[in-house]
1. Taking only Cα atoms and a 10 Å spring cutoff, compute GNM fluctuations for the chain and point out the largest among Arg110, Arg79, Arg122.
2. Could you calculate the FRET efficiency of Tyr9 with Ala29 from 1/(1 + (r/R0)^6), where r is the beta carbon distance between them and R0 is 22 Å, rounded to 0.05?
3. Taking just the C-alpha trace of region 56-133, give me its Rg and Dmax in Å.
4. Based on the Kirkwood radius over alpha-carbon pairs, what value in µm²/s does the Stokes-Einstein equation return for the translational diffusion coefficient of the chain at 10 °C and 1.306 mPa s?
5. In whole Hz, with x marking every Gly and Pro, tabulate ³J(HN,Hα) for region 46-62 from phi via Karplus 6.51 cos²θ - 1.76 cosθ + 1.60, θ = phi - 60°.
6. Each residue of region 22-30 in turn: what ³J(HN,Hα) in whole Hz from Karplus with 6.51, -1.76, 1.60 and θ = phi - 60°, glycine and Pro shown as x?
7. Please state the charge dipole magnitude for the chain, taken about the Cα centre, from unit charges on C-beta atoms (+1 on K and R, -1 on D and E), reported in debye and rounded to the nearest 20.
8. Using the Karplus equation 6.51 cos²θ - 1.76 cosθ + 1.60 (θ = phi - 60°), what ³J(HN,Hα) coupling, rounded to whole Hz, does each residue of region 154-161 give in order, writing x for Gly and Pro?
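What follows is calculated from the coordinates using simple rules that are stated; it is not laboratory data. Not measured: the values here are computed from a predicted model. Cβ coordinates were reconstructed from backbone atoms using ideal geometry, including for glycine residues, and neighbour counts include every protein chain displayed.
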Amino acid sequence: MSNREKKEYKDNWIDRLFIALFSRKMAKALGTKTRLRGYDGFVDLSKQIMTGRNPQQQQELVEKVLKSLIPPCVVFLIRTFFPPSKWVCEFNATFATILFEWLVGKSEVREVEIVGENGEIRRQKSGVYIHKCRYLEASGCVAMCVNMCKLPTQKFFTEYLRIPLTMTPNFEDFSCEMVFGKSPPPFTSEAVYNQPCLQDTCSQAVVSHPPRPCSKIRVV
């Protein structure tokens, strides 16, 4: 199977439950619904969030959805009693591989290097390697990956839950690396900031030399 061949997923009842929960929260934030069911409906709602909104507005709406999933009292407990220690970051990595398989597909925990505040380097199993992101595969869109997943998720964990998270998508093979405990760098300094649209999957991709960065990930 090539990297661009779509994988067939068979969602179990737990997967369908999470898909329905997230879809319902997204529909409520949008004030609209989707005619599609299951994961297709989830992706369709994501596309609706993008319609008529600039990158910043898209990210803010996703942040609103993410915040609605966790009660404020739980957020308080996380901030107060679970600082981003090695154990907390490793727990989040393990938890992510279990909880978000319905969203991104198969993933595994990996050991990573984290640079501490005083410059010391420590190794910990707080990295998550997503073999082939289901969401990116289904959307085929750089902007959806960045505005609907990477940036709002990083901000949600780093600023809202106060557990640093950096996500690095690979648009060649659709894999992605998540590192809990690592603060995200400025977006403009990342390679993804200059990522062109995906020629094979994006209907709005423009053929140019050199390739132009995707216009929908930059706030004008």
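1. It is Arg122.
2. Values: r = 25 Å, r/R0 = 1.12.
Computed FRET efficiency for Tyr9 and Ala29: 0.35.
3. Over region 56-133's Cα set, Rg and Dmax evaluate to 14.8, 38 Å.
4. Numbers: Rh = 18.2 Å.
Using the Kirkwood radius from Cα pairs, D works out to 87 µm²/s.
5. So the J values, rounded to whole Hz, are 4, 5, 5, 4, 6, 5, x, 10, 7, x, 5, 5, 4, 5, 5, 5, 5.
6. 5, 5, 5, 5, 5, 5, 5, 5, 7
7. On the way: 31 positive and 22 negative charges, 152 e Å.
Once rounded to the nearest 20, the dipole reads 720 debye.
8. Once θ is set to phi - 60°, the couplings for region 154-161 become 4, 5, 4, 6, 5, 9, 8, 8 Hz.
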